Amino acid sequence: MKKILLTLFVLLFLFIDTYSQFNQIPNPNKGNLTGGLGMTWIDGQPYYAFRFRPEISFAKIGVGLDLNLEFNSQGKLRKENFNETSDYLSIIRYVRYGLKRDPVYVKVGALDFYTLGHGSIMYYYNNSPGFDTRTIGTVIDLDFNKFGFESIYSNFAQAGVLGMRGYVRPLQYTSAASIPIIGNLEVGATFAADLNKNSGKVFRVPYTPSSVATVDDKGSINIIGLDLGLPLFNFSMANASLYFDYVKILNFGSGAASGIIFELNGLGIFNASAKLERRWNNAQYMPAYFNSFYEIERYTDSISSKATSLEYLKAAENGYYGELGISVLGTLNVIGGLQKLDNHDGGILHLTADVAPSGFSFIARAGYDKVFIDGADVFKLNDRSILFTELGYKPYSFMIVSIVYQWTFTPIRNSDKEIVGYKPQKKIEPRISFVYPFNM
């Protein structure tokens, strides 16, 4: 009876865990205090949970905390909450200065959906694929008008992903700087690498379950790229630019991409963004190698790795990538992206949606990513999928009663507690969330 009463009590104080894609643009001089107690089912096992997650933004500075504790029915802390030093440090989810497109942008902590340049090498990269593997990295982007650079390092605790892109606007040094369009021509060069010791392991296939796969270790994965960018126009309400990228994955193949990016700012009433890209993918090459799934794909188990996928891409696979984002009155936000190859499936899907209409008492949120889509399995959950859904009701402005379903990943560790792969993890959470917004 005591357990039943405790469970009923805890269900009244469930916490909010907003999917990070819906909080990409912080509001200056505002903040949110969220937290509470709750219960979550992880792969069918119940845990009592506590979370405290405040986010504060004032001027250009932002700070986010994330304390996450989960206890089993015996009162023992779930071991994946705090089993390495980075887990303690990651209570500070992030500290940032500026935003991605500001002249100065610095962020330390969790790096959600970071893009380097036009995205041909790194696109929507996420250094923390799940709550059980929260890592601390940094981003430093500086734009000095005539030149600048973007940079990222994914993990201070161990060897991780490094990315650097330098760019220059050469005509800004000449009298041609005042010429419309041409004067803002941008030339960039990128180097990115995964310094993790497992990043270059290639497993020979086909194999049998009883056999030991032969490994060819190519060392760290290193990628170089050159790019051109040409802004067509840049007004307060709309901007558009053309670009061309060339990329080479050292020891593997090369590829290129050309496209257009368009953004419309309707003064908060209707905002839209679109990206359309043609991709030329030679053998042993894939675009956006460092993507939102990379930390999972790097080395997934004893017979699979992302480098293996490169090794067995034997033919050129050209295709298209399209992305569309729409925001209406700040209450309906939808983003969708899809890669489609010319000759077969194997696409990449990215979807997010957030519906929280002002004056209405319901909310709906969802986020879905899937790689290597194969026809009918586009919405089948497996080791190539990440899913978040939340449906809720707001009896009061500060309270959300909802049900949450997550399909994410938890790490597989060896005897030395090193992460050597990931396996899917299912979470189901009924919630009563309390959110207190405030002004600085």
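Take the conditions (1) hydrophobic (A, V, I, L, M, F, W, C); (2) surrounded by fewer than 22 Cβ atoms within 10 Å (Cβ to Cβ); (3) within 14 Å of residue 190 (Cβ to Cβ); residue 116 misses just one of them, which is (2).
Considering the conditions (1) closer than 21 Å to residue 123 by Cα; (2) touching a Leu at 6+ places or on another chain (Cβ under 7 Å); (3) at pLDDT 80 or above; (4) surrounded by 20 or more Cβ atoms within 10 Å (Cβ to Cβ), residue 373 is excluded by exactly one of them, (3). Within region 106-118, take every residue that is assigned to a loop (DSSP other than H, G, I, E, B) and among the small types (Gly, Ala, Ser) and give me the one that is modelled with the lowest pLDDT. Across region 106-118, the extreme among qualifying residues is 110.
Just one of the numbered conditions (1) buried (at least 17 other Cβ atoms within 10 Å of the Cβ); (2) at pLDDT 95 or above is not true of residue 189: (1). Among the residues of region 224-248 satisfying the criterion of being surrounded by 15 or more Cβ atoms within 10 Å (Cβ to Cβ) and small (Gly, Ala, Ser), which is nearest to residue 161 (Cα to Cα)? Taking the candidates together, the pick is 225. Quick one: would you say residue 352 is surrounded by 15 or more Cβ atoms within 10 Å (Cβ to Cβ), among the β-branched types (Val, Ile, Thr) and at pLDDT 85 or above? Criteria met by residue 352.
When 179, 140, 121, 136 are screened for being without any contact (Cβ under 8 Å) to a residue 12 or more places away in the chain and of a type outside the set (Gly, Ala, Ser), only 179 passes.
Kindly state which strands (runs of 3 or more DSSP E) lie completely within region 1-105 and contain at least 1 residues that are under 27 Å from residue 123 (Cβ atoms), among the hydrophobic types (A, V, I, L, M, F, W, C) and modelled with pLDDT of 65 or more.
Numbers: elements: 30-42, 45-52, 55-58, 61-65, 67-71, 92-97.
Strands (runs of 3 or more DSSP E) meeting the threshold: 61-65, 92-97.
Residues in region 309-357 that are within 19 Å of residue 257 (Cβ to Cβ), part of a strand (DSSP E or B), touching a residue at least 24 places away in the same chain (Cβ under 8 Å) and hydrophobic (A, V, I, L, M, F, W, C): 324, 341, 348, 349. Check region 295-315 and report whether any residue there is out of contact with any Phe, Trp or Tyr (no Cβ under 8 Å at 6 or more places or on another chain) and within 30 Å of residue 235 (Cα to Cα). Checked region 295-315: no residue is out of contact with any Phe, Trp or Tyr (no Cβ under 8 Å at 6 or more places or on another chain) and within 30 Å of residue 235 (Cα to Cα). Kindly evaluate residue 361 against the criterion of being among the hydroxyl-bearing types (Ser, Thr, Tyr), in contact with a Phe, Trp or Tyr (Cβ under 7 Å, 6 or more places away or on another chain) and over 23 Å from residue 126 (Cβ atoms). It is true that residue 361 is among the hydroxyl-bearing types (Ser, Thr, Tyr), in contact with a Phe, Trp or Tyr (Cβ under 7 Å, 6 or more places away or on another chain) and over 23 Å from residue 126 (Cβ atoms). Among residues of region 261-278 that are without any contact (Cβ under 8 Å) to a residue 12 or more places away in the chain and surrounded by fewer than 16 Cβ atoms within 10 Å (Cβ to Cβ), none has a beta-carbon under 8 Å from a residue that is among the β-branched types (Val, Ile, Thr) and in a strand (DSSP E or B) at least six positions away or on a different chain. Looking only at residues of region 402-412 that are surrounded by 15 or more Cβ atoms within 10 Å (Cβ to Cβ) and more than 19 Å from the chain's Cα centre (by Cα), we find that the one that is modelled with the lowest pLDDT is 412.
The values are calculated or read from the model by the stated rules, or taken from the named source; none is laboratory data. From a predicted model like this one, the values you see are computed outputs, not experimental measurements. Because the Cβ atoms are built from the backbone with ideal geometry, glycine has one as well, and the counts that use them run over all protein chains shown.
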